[in-house]
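Visitor: My questions all concern the structure below.
Where a number appears in this text, it was derived from the coordinates with a stated rule and is not lab data. This one's a predicted model, so the numbers in the text were calculated from it and none came from an experiment. Here the Cβ positions follow ideal geometry from the backbone for every residue, glycine too, while neighbour counts run over all protein chains shown.
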């Protein structure tokens, strides 16, 4: 029976992944309906905590975008990339990592991709190299970012004082090292453009050559808009600092009266980290809106705010379905994986990786797999070290950041191969994931008690 249920689970995920957008969440709800109606399963609790984190953090990021703060950050990143054109395969992934670590979302890289493609092509550096490494770096940056929903979800699952700080101290350096390792591998990947016969043939077309070599000039921002943008970035930076301090020093978090544990409060009266992130993020959004004179209507129209609905539905459906399946078959799954993980704990990272490929969501994969890891008796240090495995959705080239990078490369070097999975992002993605996990285990030995 479990195999039939697993088949239904995977079928719903695959159908939703093919249709993209909110389809993943809608088909997840269909899976819940089938499990409850035909198999008599008890529905698990919906992932309310991670949904609220997405709602609050994305609202703050959308306010930053509406106030011009994201464009200001991207302009800084653009200057750094354009000043180091010959080292773009290393510089671009590092800049992408830092930008996404700060913003808490990988979608800010859309503004950088055309710059990376433009600079690399003009300097006859194969665009596939910096584009693929940068996309992988922007995903890796979220597993450890204090503003990312997946990081907050893991901290809530581990649920011990200082969990958020441990995740950041382990995963930020390990994922950074993994991203740099991927960039180093890509530096010699493929032929240089001057030796690529396909590119040289295209350059014989005057229109194509003009499009490649045409000089692009960044727009000069308005002084008043820049002032508001800087103000928004300062508020955003202060918000990140306050969240990091709250995760590092739990004693500064306000306490309430002791009583029964609730959605937002622990039994001892302390606020959960999820609650801290939600209240700080929305408070910061309110002050940012006020001090930068940004209208609420502009925030609602921001691209990040628009993408939030899709993220909420996707996480709601697929995590609810996966949790319902896991809860109904917890004993069977624990018995099957328990022996292997007891002898070889690192093998659980493979299970996380596989689920990440299917779920197309770091937060959903975290919420579905990490509680199972705890149930199998894996220590927090190991689960934190394995955390970068949730970034495995690069394997199937359907995620928007991958597709955007492919579309931005006028030279055609960034592409999907004949067998689909042999695309430009496989090598840097696998290198970054393996190096990040190995480095994470090493760092966790010294950081996590």
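Visitor: Normalised by the number of residues in the chain, what is the relative contact order in percent for Cα pairs under 8 Å and 6+ residues apart?
Guide: Numbers: 738 pairs, mean separation 122.9, N = 449.
The value is 27 percent.
Visitor: At 0.36 nm per residue, and after removing the present C-alpha to C-alpha distance, how many nm does the segment from residue 11 to residue 248 gain when stretched out fully?
Guide: This chain segment gains 81.2 nm when fully extended.
Visitor: Is any residue of segment 265-285 close enough, with backbone N under 12 Å, to a label point placed 7 angstrom from the Cα of residue 258 along the Cα-Cβ axis, and if so, which?
Guide: Of the residues in segment 265-285, 267-270 have backbone N under 12 Å from the label point off residue 258.
Visitor: Here's another thing I want to ask about it. Return the single residue from 232, 380, 44 with maximal mean-square fluctuation; model: Gaussian network over the chain, springs between Cα atoms under 10 Å.
Guide: The residue with the greatest mean-square fluctuation here is 44.
Visitor: Label-point separation (nm) for residue 82 and residue 189, each offset 7 Å from Cα along Cα-to-Cβ?
Guide: Result for the modelled spin labels: 2.7 nm.
Visitor: If you don't mind, there's one more thing I want to ask. Give me the log10 of I(q) over I(0) for segment 86-134 at q = 0.21, 0.30, 0.32 Å⁻¹, as the Debye formula computes it from C-alpha points; what are the numbers?
Guide: Reported log10 I(q)/I(0), two decimals: -0.63, -1.11, -1.22.
Visitor: What is segment 1-72 by shape, rounded, prolate or oblate, if you read a ≥ b ≥ c off the alpha carbon gyration tensor as root eigenvalues and call it rounded for a/c under 1.5, prolate for a/b larger than b/c, and oblate otherwise?
Guide: Prolate is the answer for segment 1-72, as a/c is 1.5 or above and a/b outweighs b/c.
Visitor: Something else about it: Answer rounded, prolate or oblate for segment 351-449, using the Cα gyration tensor with square roots of eigenvalues a ≥ b ≥ c: rounded when a/c is under 1.5, else prolate when a/b is larger than b/c, else oblate.
Guide: In terms of gyration-tensor shape, prolate.
Visitor: So for each of 345-352, 76-83 I average, over its residues, the number of other beta carbons within 10 Å; can you give me the resulting order with the highest mean first?
Guide: 345-352, 76-83
Visitor: What is the extension gain from residue 445 to residue 374, computed as 0.36 nm multiplied by their sequence separation minus the C-alpha to C-alpha distance, in nm to one decimal? Walk me through the numbers before you get to the answer.
Guide: Details: separation 71, 0.36 × 71 = 25.56 nm, distance 1.78 nm.
Gain on extension, residue 445 to residue 374, equals 23.8 nm.
Visitor: If you don't mind, there's one more thing I want to ask. Only one of the values (i) 20.9, 64; (ii) 22.2, 75; (iii) 23.7, 87 was calculated from this structure for Rg and Dmax of the Cα atoms in Å; name its label.
Guide: (ii)
Visitor: OK, next. Divide by every residue of the chain the summed helix terms, -39500 (n - 2.57) for each DSSP H run of at least 4, and state the resulting mean residue ellipticity at 222 nm, rounded to the nearest 500 deg cm²/dmol.
Guide: -22500 deg cm²/dmol
Visitor: Using a ≥ b ≥ c from the Cα gyration tensor of segment 64-145 (square roots of the eigenvalues), is it rounded, prolate or oblate, where a/c under 1.5 gives rounded and otherwise the larger of a/b and b/c decides, a/b for prolate?
Guide: Oblate, since a/c reaches 1.5 and b/c is not below a/b.
Visitor: Roughly what angle does helix 362-375 make with the longest principal axis of the chain, taking Cα atoms, 0 to 90 degrees, to the nearest 10?
Guide: Once rounded, one gets 40 degrees.
Visitor: Provide the gained length on full extension for the span residue 421 to residue 209, in nm with one decimal, where the gain is 0.36 nm per separating residue minus the Cα-Cα distance.
Guide: Difference between extended and current length: 73.3 nm.
Visitor: Helix 88-103 versus the longest principal axis of the chain: what is the Cα-based angle in degrees, 0 to 90, to the nearest 10?
Guide: 40
Visitor: Give the Cα extents of segment 278-356 along the principal axes, in whole Å, largest first.
Guide: Principal axes ranked by extent give 59, 23, 20 Å for the Cα atoms.
Visitor: Can I ask one more? Within 10 Å, count the other beta carbons around each residue, average over each peptide in 327-337, 5-15, 60-70, and list them highest first. Before the final figure, lay out the partial values.
Guide: Working: 327-337: 14.3, 5-15: 16.9, 60-70: 26.8.
So the peptides 327-337, 5-15, 60-70, ranked by packing, come out 60-70, 5-15, 327-337.
Visitor: Angle check, please: helix 330-343 long axis (alpha carbons) against the longest principal axis of the chain (alpha carbons), in degrees 0 to 90, nearest 10.
Guide: That works out to roughly 70 degrees.
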